Amino acid sequence: MVWKNSVGDIRQVKHSPAVEVQGILFDFDGTLAHLNIDFQCIREAVKSVGIEMGVPPSFLEKRYILEAIDEAAAKLRIERPVVADVFIDAASAAITDVEVRAAAHSHLLPGVIELFEGLRARRIAVGIVTRNCRQAVEIIMGESLAPDSIRTRDDVDRVKPDPSHLLIAASDLGLSTDRVWMVGDHPTDMVAGNNAGMRCVGVLTGKSSAEELTQGGAWKVIPQVAILVELLPA
């Protein structure tokens, strides 16, 4: 799997107040669940894989590890194309291993189950779009949540903030993007949603400030995801 994104500039989306929301896409880690992921452990595991295959550690120092893997793989394809795919598979397995182990000690955030039940009562479709692996997401969700769509990094070629990740999920719901909201706790969620033509709601989880979420393109910012229903029409 190769993870790619092309964010570009935020596209300002004008939403008609008459358009009814019929679907909501949620980020997972931080927004719906607390994952006890050791990101430094992930980075060190990927570095170890890279060193074995001749990838300079400096290539894996970028803030976002999936993009760092892409960059390293692109370099390998020029110099050692056969090794590139082996590196991606090994790096992916290393990340998944850390995430799955963390998922066993993670949990959904308070009010999430009730939120999903409330959205279903309103006949609003729900989906999850996440850079996490599917196995970790399913471990934490168990049978508590039953979203209409789950799109993890395992399911797409381009992960958010690339808007195509969200467009695929909206297609799963059978909805045009002007009828879908994107909810997340990071500015990249807002960028992806805006560039996909969706109204975006930021959630304050301690990861990003209200100002950062607004600058990313949030229409509204709320203190916790459980009160999202308060933004819906009566």
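The values are calculated or read from the model by the stated rules, or taken from the named source; none is laboratory data. Just so we're clear, the structure is a prediction, and the values are computed from it rather than from any experiment. Don't worry about glycine lacking a Cβ; one is built from the backbone with ideal geometry, like all the others, and counts go over all protein chains shown.
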Out of (1) crowded, with 20+ Cβ neighbours inside 10 Å; (2) in contact with an Asp or Glu (Cβ under 9 Å, 6 or more places away or on another chain); (3) not in a helix (DSSP H, G or I), the one Ala68 does not meet is (3)
Would you be able to say whether some residue in the stretch 6-17 is modelled with pLDDT under 95, in a loop (DSSP other than H, G, I, E, B), under 30 Å from Leu232 (Cβ atoms) and of a type in the set (Lys, Arg)?
yes
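Determine whether Ala90 is modelled with pLDDT of 90 or more and farther than 25 Å from Leu204 by Cα. Can you show your working first?
Details: modelled with pLDDT of 90 or more: yes; farther than 25 Å from Leu204 by Cα: yes.
Taking the combined requirement at face value, the residue satisfies it.
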Note down all Cβ pairs under 6 Å where the first residue falls in the stretch 218-234 and is among the small types (Gly, Ala, Ser), the second is assigned to a loop (DSSP other than H, G, I, E, B), and they're at least six residues apart or on different chains.
Ala226/Gly111
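Looking only at residues that are part of a helix (DSSP H, G or I) and more than 25 Å from the chain's Cα centre (by Cα) in the stretch 71-90, which one is farthest from Asp157 (Cα to Cα)? Break it down into steps so the answer makes sense when it comes.
Taking the stretch 71-90 as the starting set, the residues that turn out to be part of a helix (DSSP H, G or I) are 71-79, 81-90.
From the residues that got through so far, the ones that are more than 25 Å from the chain's Cα centre (by Cα) too are 75-79, 81-83.
Values: Lys75: 18, Leu76: 19, Arg77: 17, Ile78: 20, Glu79: 23, Pro81: 19, Val82: 19, Val83: 19 Å.
Ranking the candidates gives Glu79 first.
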Within the stretch 160-175, is there a residue that is over 20 Å from Ala125 (Cβ atoms) and either assigned by TED's automatic domain parsing to the domain that holds Leu115 or surrounded by 21 or more Cβ atoms within 10 Å (Cβ to Cβ) (or both)?
yes
Out of the stretch 91-125, which residues are surrounded by fewer than 17 Cβ atoms within 10 Å (Cβ to Cβ), in a helix (DSSP H, G or I) and in contact (Cβ under 8 Å) with a residue 12 or more places away in the chain?
Asp97, Val100, Ile113, Glu114, Gly118
When Thr205 is evaluated against the numbered criteria (1) crowded, with 19+ Cβ neighbours inside 10 Å; (2) touching a residue at least 40 places away in the same chain (Cβ under 8 Å); (3) in a loop (DSSP other than H, G, I, E, B), which criterion, by number, is the only one it fails?
(1)
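So which residues in the stretch 137-169 are of a type in the set (A, V, I, L, M, F, W, C) and within 23 Å of Leu108 (Cα to Cα), if there are any at all? Explain how you work it out, then say what you get.
Kept after step one, since they are of a type in the set (A, V, I, L, M, F, W, C), are these residues of the stretch 137-169: 137, 139-141, 145-146, 150, 156, 159, 166-169.
Within the stretch 137-169, Val137, Ile139, Ile140, Met141, Leu145, Ala146, Ile150, Val159, Leu166, Ala169 qualify.
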